[in-house]
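First comes the structure, then the notes that go with it.
The values are calculated or read from the model by the stated rules, or taken from the named source; none is laboratory data. Note that the coordinates shown come from a computational prediction; the quantities given were computed from them, not determined experimentally. FYI the Cβ positions are ideal-geometry reconstructions off the backbone, even for glycines, and counts take in every protein chain you see.
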Amino acid sequence: MPGNNKMKTVMRTVLTPRDVQLLKGVAAGRVIDREMAKEIAGFHSTSRANERLLKLTRAGLLKRFFLGTEAGGRKGIYALSKKGAEAVNAPNRLIHRRSNSLLIGDQFIEHQLLINSIWIQVKFRPVPVPDIQAVRFLTFPSILSKQTPLIPDGYFEISSPSGLHCMFCEVDRGTESLKVWDKKISLYLALAMSGEFQVLFKQSRFRVLVLAETERRLNTLRRAVAKYTDKIFWFATLSDINKSGLFAHIWLRAISDQRAALL
């Protein structure tokens, strides 16, 4: 019987070091797709990744959902279950969606996957620039501080011979109004000028990487930032980042139209 087979799978599952690595990666990213799973756990075979994801799902360690694709199909995405979180002692930041459901217009999930595409590049891919290394990637479950009521999409640090480069990430899907962005810009500028960043992160300077889905939206946000400053904010489209990588000559500033490398 199918139910008996599923129970046997649960009983037989023994976590390998790669499984633990994958489950911890899912805990950090909250929700991932198969291609992300391959990079997190070092799978070189798609069929092998599919096999292990299915086994961990049947064992009750992962929850699976589906997202519609632009081509009209659907793809599986995965989140940690309560059992999976307990297995790797992960914080209880679970995704509460019905298993095997088709998620349509789920803005939180879609936004999180875009954030994770940046996290994957920083955390799991080698930096294609000599003597440069990604140090860490952070996400924030709550505001940075009472003084700075801001929840960035992400933060990472890059070590280079010239020092440590600190980067906040803001992934924009065009759903936030310019009024919201005005507030966000003001908070980042206050964070830079008040000394609060140095208190919180023990570093003196940072950039804000603004990642937009379209060139049109990107230019709208550049104009919004240019009203306040031509410093700290850097801009690129998600398609350019996914095609060329974070460290390519794809970045624009609020005023200049000359593209530059991140470092």
| task | Among the candidates SER160, SER142, single out the residue that is surrounded by 12 or more Cβ atoms within 10 Å (Cβ to Cβ) and either outside the structural domain of ARG34 (by TED's automatic domain parsing) or on the phi < 0 side of the Ramachandran plot (or both). | result | SER160
| List pairs: first in the stretch 149-161 and touching a residue at least 60 places away in the same chain (Cβ under 8 Å), second assigned to a strand (DSSP E or B) and crowded, with 20+ Cβ neighbours inside 10 Å, Cβ under 8 Å, 6+ apart or cross-chain? | ILE158/MET167
| Do any helices (runs of 4 or more DSSP H) lying entirely in the stretch 1-117 carry at least 2 residues that are under 22 Å from the mean Cα position of the chain (by Cα) and either assigned by TED's automatic domain parsing to the domain that holds THR175 or modelled with pLDDT of 90 or more (or both), and which ones are they? | 17-29, 34-41, 46-58, 82-87
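Return the only residue of LEU54, LEU80 being within 11 Å of ALA27 (Cα to Cα) and without any contact (Cβ under 8 Å) to a residue 60 or more places away in the chain.
Numbers: LEU54 fails: within 11 Å of ALA27 (Cα to Cα).
Only one candidate passes the filter, namely LEU80.
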| Scan of the stretch 118-133 for residues that are buried (at least 19 other Cβ atoms within 10 Å of the Cβ) and of a type outside the set (Val, Ile, Thr), ordered by number | TRP119, GLN121
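In the stretch 30-42, which residue that is surrounded by fewer than 21 Cβ atoms within 10 Å (Cβ to Cβ) and touching a residue at least 60 places away in the same chain (Cβ under 8 Å) is farthest from PRO126 (Cα to Cα)?
In the first step, residues of the stretch 30-42 are kept if they are surrounded by fewer than 21 Cβ atoms within 10 Å (Cβ to Cβ); the result is 30, 33-35, 39, 42.
If we keep only those that are touching a residue at least 60 places away in the same chain (Cβ under 8 Å) too, we end up with 30, 33, 39.
Values: ARG30: 22, ASP33: 20, GLU39: 11 Å.
Looking at the filtered set, the residue picked out is ARG30.
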| Here are some conditions: (1) more than 21 Å from ILE115 (Cβ to Cβ); (2) in contact with a strand residue (DSSP E or B) (Cβ under 6 Å, 6 or more places away or on another chain); (3) surrounded by 15 or more Cβ atoms within 10 Å (Cβ to Cβ). ALA192 meets all but one. Which one does it not meet? | (2)
| message | Just the residues that are over 20 Å from GLN21 (Cβ atoms), crowded, with 18+ Cβ neighbours inside 10 Å and of a type outside the set (A, V, I, L, M), please, taken from the stretch 43-96. | response | PHE65
